[in-house]
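Here's the structure, in structure tokens; my notes come after.
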Amino acid sequence: MSIFVDVILPLALPKPLTYSVPPDMQAAVQVGVRVAAPVGRRKIYAGVVQRIHGDVPPYATKEVASVLDSAPLVNARQLALWSWIAQYYMCSAGEVMKAALPAALKMESETRVSLDSGWEDLELELSRAESDMLQALQAKTTLSVEELSAAVHLKNALPVVQQLLSKRAVRIEEQLVSTCKPRYETMVTLHPSIGSEEDLNARFALTARAPQQEQLLLAYVSMALPIAYSAPLQVAQKALLEKTGIAAAVLKACVSKNIFALYRRPLRPASADDEAEDFSATMPTLSPAQQQAYDGIRQRFAEKQVVLLHGVTSSGKTEIYMHLIAQALAQGKQALYLLPEIALTAQLINRLKKVFGSVGVYHSKFSDAQRVEEYRRLLENSAQPSLMLGVRSSIFLPFSNLGLVIVDEEHENTYKQQSPAPRYHARDAAIMMAAQHGAKVLLGSATPAVESYHNAASGKYGLVELLERYGQAELPEVRIVNVAYLKSRQGEKHFSPVLLNEIGAALERGEQVILFRNRRGFSPYVECRECGWIPQCEHCNVSLTYHKRSHQLVCHYCGFAIGLPQRCLACDGVALEAKGFGTEKVEEDLQLIFPSAAVERMDFDTTRTRSAYERIIADFESRKIQILVGTQMVTKGLDFDNVSLVGVLNADSMLSFPDFRAGERSYQLMAQVAGRAGRRGKPGRVLIQTVQPQHHILSCVQRNDYQEMYRAQVADRQELLYPPFVRLIELTLKHRSEQTLLRAAQALALRLKAIFGSRLLGPVAPLVNRIQNRFLLKFTLKIERGKSVEKAKALLLAQFAEIRQIDEFRQLEIIPDVDPL
């Protein structure tokens, strides 16, 4: 009987490809396993089996090359979630697969080159490069194209390989390769010949004249007590040597005396390694207000799948989350705790471990090997209750018994994947995933997204509010500082005297300060004072940002960078001046103004690695850092007990941004960063510098009045038809030729406006209308509530296909973004 499989490949294909299964592999094929699937003439990819069937396709199919897994790597609920994301966010299942699986599980073939049999008998005329290549292959037998390029000192060896192929001197084949190699650790245990206390004493006698060997054996015994001679405990070699401070050579000597035996075992993920942790902490006791909120959430869960917890900053939402997690684990369920930023995991993980023991952690700062290990750990222990802490990509983990999903700081825009596809929102995808499992979802925030609060106010979600801080702590005093007069002053334009005085006073009291500036770098641009020339990116229509530490001008869109020029490239003048200020300049100026204070910066440039995040947070928590300057990272849920002052250096850049969400986002950012002050009984102060002191949003922040902000935003959006009253689909068109792009946009506009009429806005050029040498134009489609979004998507996709059939527009890139932020 012929069996066929539909296989999802990590490619942007419109649908899965169908393959036939050879008879000897039919018993091994299951839905969710990976198979080696040939694509094109030579390429092989590891794809995931979506469906097994006997429907004979109306075309000749290729055979599956091999089955790569003995058990499914992706379960049925994961496949259902992939399918929903692909359909809802208008992308392919292959693009979802690329986002969902750790990179090391998405294998693709590598071209390997080897000598053809009998090549020495051929009488060949060889070029120098061909001769060098054959010599390299004689030495190594088989090499990849990249290895050959290095061996013969060519940028690209493929043309030479093609010449040798035509002369039948070499052959090529495709081999699946994985970028991830299993990691192992060396374990130390007693030698198998030690079966009793007498045997152990005899080994101690052997070390009588070797004090370091004796010390090592004593240390092992203390770590392995009580000794079970039939199955002695295995102790990590690294831990044993670190405890004693003894060299590995001494351990080798003990092995040679049959005192110890060494074994290798797969390394456990760091996030699951709880051996050194203290789990004696008990579940935190809830205050009366927290208990009321907890009871309210449980009551709402009886009626609703999703509940929104609107709790002011420092109200103790985390403690409520922990009680809900404990309840889910006690029921034998799995729990997922989503965070918007990797930085937050570093501070939260220890709190959770002290209560729950083993806590899984999953995010992009882990290596490929660590992510694979965590993925497989969850897959292989699917029946066990467990807690997983992670960021956006954690929704793709292989949960099988999910009971609870917590989306902390649910308003954060980092939950939305911007590029590449799938452009999903992890909050919304998590709600869909939870529905598939029959699990509950708790959304938590001090400043909920307008759409989420509207869903709660209209009864779609349950709503619980916690409007007092834990321990009767007061909300910080917010002061609006008018800095319009600083615009005409020379010198330091980004610190008002009021702010400098408050920083100095806080430092004298031994307290800490957080300053928020939502722009990294030293200055946004450099300008020639004589002719007005501003350095621009060669590949994008945007000015280059000056980074003083690296002495470079950098494009924050494509990464293009040049050294700071000594002279103006337009007029040859030397009067180049840095304009504006970013976090790097703020950090430098603070070090000059407060030379005895420890100042640190927390932005994308200083936190490129996981260890950098953790170091900054740990140093600030331990008060080694007195002033922390940062971008949005410092606004997101960090909890420090000694921060008494928060400064917002420039509120106007947020308030004046041309976007219908500018007011909401400005309120969220300022209210969140304000919430970092005065969290442990100490009174906190917040200073917001602005040239618009009467702005309505600033008034709401000053009064901590979320409801007023929400009412004003909803009224504006209802009048102008924006979410939550309509659904949005944004279309971005890209092309290398600006004129071709304009013609394509006009042609598409004619087609779409004939269908959607005034619901379609555009085309318009975005603020940055060229990125990486591609020009951009945008459309926005508004779809009223109650209208079929799926029908609109189908109509859009049909028009995309038609427009791409026109020869001139074949290279046109059309990017749909559903529910854009």
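General observations
- Global geometry of the stretch 482-632, whether rounded, prolate or oblate, following the gyration tensor of its Cα atoms and the 1.5 cut on a/c: oblate
- Over all other residues within a Cβ to Cβ distance under 13 Å of Gly559, the charged ones net out to -1, with Lys and Arg as +1 and Asp and Glu as -1.
- The stretch 78-168: Cα Rg divided by the 2.2 N^0.38 Å rule of thumb: 1.67
- If the chain linking Ser230 and Ala598 were pulled fully straight, counting 0.36 nm for each residue of separation and taking away their Cα-Cα distance, it would gain 126.9 nm.
- On the basis of the beta-carbon distance and an R0 of 25 Å, Asp716 and Ala794 show a calculated FRET efficiency of 0.20.
- Remark on the stretch 362-495: ratio of C-alpha radius of gyration to 2.2 N^0.38 Å is 1.46.
- Sparse-neighbourhood loop sites, chymotrypsin sites (Phe, Trp or Tyr not before Pro) in the stretch 1-104 - DSSP loop, at most 14 other Cβ within 10 angstrom: Tyr59
- Label zone at Met283, where the point sits 7 Å out along the Cα-to-Cβ direction: the stretch 345-388 residues whose backbone N lies under 13 Å: 355-356
- Summarised in one figure, the compactness ratio Rg/Rh of the stretch 420-460, Cα atoms and Kirkwood Rh, is 1.01.
- The alpha-carbon of Lys243 sits under 25 angstrom from the alpha-carbons of these lysines, leaving out residues fewer than 8 places away in its chain: Lys252, Lys257, Lys353, Lys354.
- At the residue level, Leu797 shows approximately 90 square angstrom of accessible surface with a 1.4 angstrom probe and all protein chains present.
- Percentage of interatomic Cα-Cα distances in the chain larger than 50 Å: 28
- With both residues required to sit in the chain, DSSP beta bridges show an antiparallel share near 60%.
- Carbon + sulfur, % of accessible area of the stretch 401-560 - ligands and nucleic acids excluded, 1.4 Å: 45
- Inter-site label distance for Glu303 and Asp641 at 7 Å from Cα along Cβ, in nm: 3.9
- For Lys579, a cut-off of 29 angstrom between C-alpha atoms picks up these lysines, skipping any fewer than 8 places away in its own chain: Lys487, Lys493, Lys548, Lys636.
- Sulfur and carbon atoms: percent of accessible area, the stretch 635-710 [1.4 Å]: 49
- Neighbour net charge for Val307 - beta-carbon separation under 10 angstrom, K R +1, D E -1: +3
- Potential lengthening of the chain between Gln692 and Ser400 amounts to 99.9 nm, from the contour at 0.36 nm per residue minus the alpha-carbon distance.
- Taking only protein heavy atoms and a 1.4 Å probe, the accessible area of the stretch 1-116 is 55% carbon and sulfur.
- Under 19 Å from the Cα of Lys793 - aspartates and glutamates, other chains or at least 8 residues apart: Glu95, Asp428, Glu730, Glu784, Glu802, Glu813, Asp817, Asp819
- Extension gain, Arg376 to Arg509: 0.36 nm times the residue separation minus the Cα-Cα distance gives 42.9 nm.
- Between Asn773 and Ala249, the simple label model (points 7 Å from Cα in the Cβ direction) yields a spacing of 5.6 nm.
- Pairwise label distance in nanometres, Leu500 with Ala612, each label 7 Å out on the Cα-Cβ vector: 3.0
- Averaged per residue, the chain has 45 square angstrom of accessible surface, using a 1.4 angstrom probe with ligands and nucleic acids left out.
- With 21 Å as the limit, the listed pairs Lys43/Lys98; Lys440/Lys782; Lys365/Lys416; Lys365/Lys734; Lys98/Lys365; Lys460/Lys787 have Lys440/Lys782; Lys365/Lys734 beyond it between alpha carbons.
The values are calculated or read from the model by the stated rules, or taken from the named source; none is laboratory data. Bear in mind the structure is a predicted one, so any value in this text is a computation, not a measurement. Heads up, the Cβs are rebuilt from the backbone with ideal geometry, glycines too, and the neighbour counts pull from every protein chain shown. Note: accessible area is taken over every heavy atom of the protein model, side chains too, but ligands, DNA and RNA are not part of it. Shrake-Rupley method; radii C 1.70, N 1.55, O 1.52, S 1.80 Å.
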